[in-house]
Amino acid sequence: MPKLAIIGYGNMGKAIADGLLLSGNFTKTDIVFGTDDASNIKAVKSAKTVILAVKPDVIPVVINVIKDHLTTDHLIISVAARVKINNIKKILGENNRSGSSNSRNSKKHIPVVRVMPNICAALRQSMSCWAKSREVTGARVKVVKFILNSIGKEIEIKDEKQFGLITMLAGSGPAFYFYLAELFEKFAQQNGLKPQDAEKIIKQTFLGSAMLFDKSDISAEQLRKNVTSKKGTTEAAIKVFKKYKFDKIFLKGLKAGHKRASL
Ligand SMILES: NC(=O)c1ccc[n+]([C@@H]2O[C@H](COP(=O)([O-])OP(=O)(O)OC[C@H]3O[C@@H](n4cnc5c(N)ncnc54)[C@H](OP(=O)(O)O)[C@@H]3O)[C@@H](O)[C@H]2O)c1
């Protein structure tokens, strides 16, 4: 595996690094970090595979600093939400859509991959959805898959326009589970349960539910119905969710996020 540069060591950059190290496929000496202009340049000089894990508005800043040091042997992997492959190509100074190769064009065409991972990468449980520019073929696809499989599961998204939706499902997805967990915690504590007991109960309930959903071939809807006995306790709660249109509110939230992610 080629040496990796991770530019941006915040929540996502750290989660990716932790997952890669946990996989055993990478050691500390295989990864260099870029945290400012000087170390970003040093990182791309020593590693051909470069993961950009800075905020979307910092992507142009970073690329402008490193671009003179990039060659066609490099592979750029950006995890930034909302930043299209073509945007990266433009900042790199390449004008062709998706970086299509033109042998008569003297400009270098750097292979670019856009990934939407999630924070579960730290435990090798990310769902990483990715799209690629035309130069990413053969061995480079293998490199991308190897990296992403090291931090969880991966899926190639052929139509980059779906990234707004993917961002909601895979990138932001964990936050919605955590939001629900927060509400459970609040409810448990309001009703007198010790915080550490509430945390233990909620964590195992979420984990068990996720594992059951993962391992069974029953739909989420049917699994939910299996827990909801007629006139039972779950049904009493679900009736209230339905009365106050929880589903509509939730879908409205997802729609707003989807819109923001698609800008
Ligand atoms: N967080 C997630 O769950 C998640 C999920 C999917 C995708 N993403 C994407 O991942 C990217 C990073 O998100 P994040 O949540 O990890 O943000 P974050 O925690 O703010 O991390 C960004 C890091 O980049 C550093 N940085 C700023 N300017 C830099 C520069 N010029 N060179 C090198 N490093 C620089 C920041 O340092 P300072 O704090 O010192 O400025 C910070 O450590 C975003 O584009 C986001 O869309 C995040």
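A short reminder: the numbers here are calculations on the coordinates, not readings from a lab. Please read these numbers as outputs of a predicted model, since none were measured by experiment. Cβ placement follows ideal geometry from the backbone for every residue including glycine, while neighbour counts extend to all protein chains displayed.
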- line: Asserting the computed 222 nm helical MRE of the chain (DSSP H runs at least 4 long, -39500 (n - 2.57) per run, divided by residue count, to nearest 500) equals -15500 deg cm²/dmol
- request: Determine the gain in length on full extension of the stretch residue 218-residue 231; use 0.36 nm per residue of separation and subtract their C-alpha separation, reporting nm with one decimal.
  value: 2.4 nm
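Going highest first, how would you order 205-218, 41-54 by mean Cβ packing within 10 Å? Please report the intermediate quantities before stating the final value.
On the way: 205-218: 10.9, 41-54: 21.1.
Going by the mean number of other Cβ atoms within 10 Å, highest first, we get 41-54, 205-218.
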- request: Please work out whether region 173-261 counts as rounded, prolate or oblate from its C-alpha gyration tensor, where a ≥ b ≥ c are the square roots of the eigenvalues and a/c under 1.5 means rounded, while otherwise a/b larger than b/c means prolate and anything else oblate?
  value: rounded
message: Using Cα-Cα distances under 8 Å and only pairs 6 or more residues apart, what relative contact order does the chain have, in percent?
response: 15
- prompt: Nearest 10 degrees, 0 to 90: what angle lies between the long axis of helix 195-215 and the longest principal axis of the chain (Cα atoms)?
  reply: 70
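As an exercise, use a Förster radius of 41 Å and the Cβ-Cβ distance of residue 25 and residue 251 to find the FRET efficiency, rounded to the nearest 0.05.
Calculated transfer efficiency: 0.60.
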Length released on extending from residue 185 to residue 244, taking residue separation times 0.36 nm less the Cα-Cα span: 19.1 nm
message: In 10 Å bins starting at zero, report the fraction of Cα pairs in region 4-158 per bin as a rounded %.
response: 12, 45, 36, 7, 0
- prompt: Using the per-residue mean of other Cβ atoms lying within 10 Å as a proxy for protection, in what order, highest first, do the peptides 115-126, 252-263, 156-167, 140-151 fall?
  reply: 115-126, 140-151, 156-167, 252-263
- prompt: In the structure displayed, which of 3/142; 84/161; 3/145; 48/161; 28/84; 14/132 lie more than 18 Å apart, Cα to Cα?
  reply: 48/161; 28/84; 14/132
- prompt: Is region 161-221 rounded, prolate or oblate when judged by the Cα gyration tensor, a ≥ b ≥ c being the square roots of its eigenvalues, rounded requiring a/c under 1.5 and prolate requiring a/b larger than b/c?
  reply: oblate
task: Give me the angle, in degrees from 0 to 90, between the Cα long axis of helix 138-150 and the longest principal axis of the Cα atoms of the chain, rounded to the nearest 10.
output: 40
query: Ratio of Rg to Rh for the chain, alpha carbon only, Kirkwood?
result: 1.05
task: Enumerate the amide H contacts of residue 34 below 5 Å, restricted to partners 5 or more residues apart or on another chain; note that Pro and chain-start residues carry no placed amide H.
output: 6, 7, 8
field: Net length gained if the chain between residue 125 and residue 199 were fully extended (0.36 nm per residue, minus Cα distance)
entry: 24.6 nm
0 to 90° range, to nearest 10: angle between helix 11-23 axis and the chain longest Cα axis: 90
